[in-house]
Amino acid sequence: MPITPLAELLASIDFAWRREPPAQNSPTNIQWRAGACDRDSILFFQRFDDGRSDGELYRRYLADSPFAVLVTNRRLDCFDALGEKAIYVTRPGDWAEVLRRFCDLVYPLAPGALRFIGVTGTNGKTTTVKYLESMLAAQGRRVLSIGTLGLFRNGEPLLETGFTSPPQIELRRLLHAEQDHSDIVAMEVSSHALDQGRVHGIPFENAGWTNFTQDHLDYHRDEASYFAAKAGILDLIQEGGLLYCTSEAVAERLRRLGDPHVPIEVLGPARLYPEAIAAQPFLALRHNRENYALAAALADGILGPGPREDWRHLQAVDGRFECRNVGNRTLVIDFAHTPDALETILTAIRGGFPGSRIVTLFGCGGDRDRGKRPLMGAVVAQHSDHVIVTSDNPRTEDPERIIADILAGIPYGQPEVVVERPAAVARLFDLLESRPPAEHWVALIAGKGHERYIDRDGRKTYYSDQDEVDRNLRRLGW
């Protein structure tokens, strides 16, 4: 059997540990999902400290997969159970670079064919990237955007990836397939992606950082590690590039970590004429003007500075401050799912709708940072006249336990609890229906935004806040 290029590359790498197969392997493809493997696959399996045992991972992912070769980032207790399969373990710190070399072989990118821009931050990544996509596409550029909403080319959806930043093999596969159809890649860069090396080797011309607040401590363990992961984007910005930031606090913290090798430019909210606000009402919100300023600066890096009315080309981003008005009632659907995001949007609503009463419906995700649950409860209680607490992707946790964690942050008042989210949305509408028509109300339905599922007990079932709003509008004849 002839030696394949993948077999030659395997043989050339200095692994920390290896178990060669009794007979020569000739792998022909690389995979990151065990379920996608065939008998000629190399499976790249990255092990995390997520509380699961090696035995559990073996039973769930490896036992029934037909891969020929396994490459991991650490020794696993289940290696003996894998029979005569070839196994290779990378040296500490080498995982991302080893994987990049295989991606270069299987999914090569022509030098200079694509220009890359990355956006990181706790909140606002999706909005900033979608604004940037609209700005560049309006000037004739072919823009591939990658983020929470999926894969898009000039605003047209191509694929739902299920990730903010896809794993490295999947990302390279997508880039390889799209490099002849795109000029620029604008992508969200999550802390998980930076920590796990998913974007390793991506040469960002410039990058943006929106803000930084508590999130993902279930994964990063502490706030300092979370920030350090985000700061890894500096290492991907190429010589001559800049990091644009809309948070002075983030910029100052980066400087305290040491002299950054990339210049950092802090931006304030975009100053827009009333005409722009009237045409694009979502730009009335300060955080969206900050996202706009960041996108415009990144667009200048591609197009060059000049007088452009970029706001004319924007579209509201799916599930981000999505408004519907019915008489004196304003319904807002938003993806806000962190304490800071809820604080930001509720403050904006209070300022933008003076005299209106606010009812907020929200929940917290399961198997994620428990510490932010009471913080979210406290923020919502502070800024709302009425609160409905419900479920939001409980995953493997008991929804009522999650709600109890939220309620611990609401020491006063009497928030309503409606565990099932569709029933909670119906209750919100019934509340609004019961109020005098002359009263002005804003109803914020927070947490799901664009998502079209509820993740519970290991299964994702179809659900949409947008659909539930439509259903209740019809039910009440509004």
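The values are calculated or read from the model by the stated rules, or taken from the named source; none is laboratory data. The structure presented is a predicted model; accordingly, all values stated were derived computationally and were not measured. Cβ placement follows ideal geometry from the backbone for every residue including glycine, while neighbour counts extend to all protein chains displayed. For the accessible areas, the whole protein counts, side chains as well, though only heavy atoms, and no ligand, DNA or RNA atoms are used. Shrake-Rupley method; radii C 1.70, N 1.55, O 1.52, S 1.80 Å.
Observations on the model:
- Relative contact order (%) - criterion: Cα under 8 Å, at least six apart; region: the range 35-111: 29 percent
- Beta bridges per DSSP with both ends in the range 281-397, % antiparallel, nearest 5: 55 percent
- Accessible area per residue for the range 167-218, computed on protein heavy atoms with a 1.4 Å probe, is 28 Å².
- Summarising the amide proton neighbourhood of Val417: residues at separation of 5 or more, or on other chains, whose placed amide H is nearer than 5 Å comprise Val389.
- Among beta bridges identified by DSSP and lying wholly in the range 1-157, the antiparallel ones come to about 45 percent.
- Sorting 102-114, 434-446, 142-154 by average packing, meaning the other beta carbons within 10 Å per residue, from highest down gives 142-154, 434-446, 102-114.
- Share of carbon and sulfur in the accessible heavy-atom surface of the range 335-478 [1.4 Å probe, %]: 51 percent
- Distances between placed amide hydrogens fall under 5 Å for Ile358 paired with Asp385, His386, Val442, all partners being 5 or more residues away or on another chain.
- Highest-first packing order for the peptide set 254-265, 421-432, 272-283 is 421-432, 272-283, 254-265, based on the mean count of other beta carbon atoms within 10 Å.
- Cut-off 16 Å, label 7 Å out along Cα→Cβ of Arg221, residues of the range 17-55 by amide N: 47-52
- Filter on Lys130/Lys372; Lys372/Lys460; Lys372/Lys448 - keep pairs with C-alpha separation over 20 Å: Lys130/Lys372; Lys372/Lys460
- Helix 286-303 axis versus longest C-alpha principal axis of the chain: approximately 40°, rounded to the nearest ten.
- Contact order for the chain, expressed relative to its length and based on alpha carbon pairs under 8 Å spaced 6+ residues apart, stands at 11 percent.
- Farthest towards the positive end of the charge dipole of the range 341-451, among the residues Pro399, Val418, Val387, is the Cα of Val387, using unit charges on the Cβ of Lys, Arg, Asp and Glu.
- DSSP beta bridges confined to the chain are antiparallel in about 30 percent of cases.
- Debye-sum result for the chain in log10 I(q)/I(0), which assumes one identical scatterer on each alpha carbon, at q = 0.05, 0.14 Å⁻¹: -0.21, -1.42
- In the chain, taking the dipole from charged Cβ atoms about the Cα centre, the farthest positive-side position among Leu303, Tyr61, Ala96 is held by Leu303.
- Added length on full extension, which subtracts the Cα-Cα distance from 0.36 nm per residue, Val419 to Asp104: 108.6 nm
- Rolling a 1.4 Å probe over the protein heavy atoms gives the range 51-90 an accessible area of 49 Å² per residue.
- Angle between the chain longest axis and helix 95-106 axis [Cα atoms, degrees, rounded to 10]: 80 degrees
- For Lys230, a cut-off of 15 angstrom between C-alpha atoms picks up these aspartates and glutamates, skipping any fewer than 8 places away in its own chain: Glu188, Asp195, Asp215, Asp222, Glu252.
- About the centre of its Cα atoms, the chain shows a dipole size close to 420 debye [charges on the beta carbon of Lys, Arg (+1) and Asp, Glu (-1) only; nearest 20 debye].
- The angle between the Cα long axis of helix 168-178 and the main principal axis of the chain comes to about 80°, on a 0 to 90 degree scale.
- Farthest toward positive dipole pole in the chain [+1 Lys/Arg, -1 Asp/Glu at C-beta], among Ala7, Asn211, Ala224: Asn211
- Secondary-structure-derived ellipticity at 222 nm for the chain, considering helices only, amounts to -10000 deg cm²/dmol, per-run term -39500 (n - 2.57) for DSSP H runs with n ≥ 4.
- Computed on the range 368-478, with alpha-carbon pairs under 8 angstrom and 6+ residues apart, the relative contact order is 27 percent.
- Solvent-accessible surface of the range 392-458, taken per residue with a 1.4 Å probe and all protein chains present: 45 Å².
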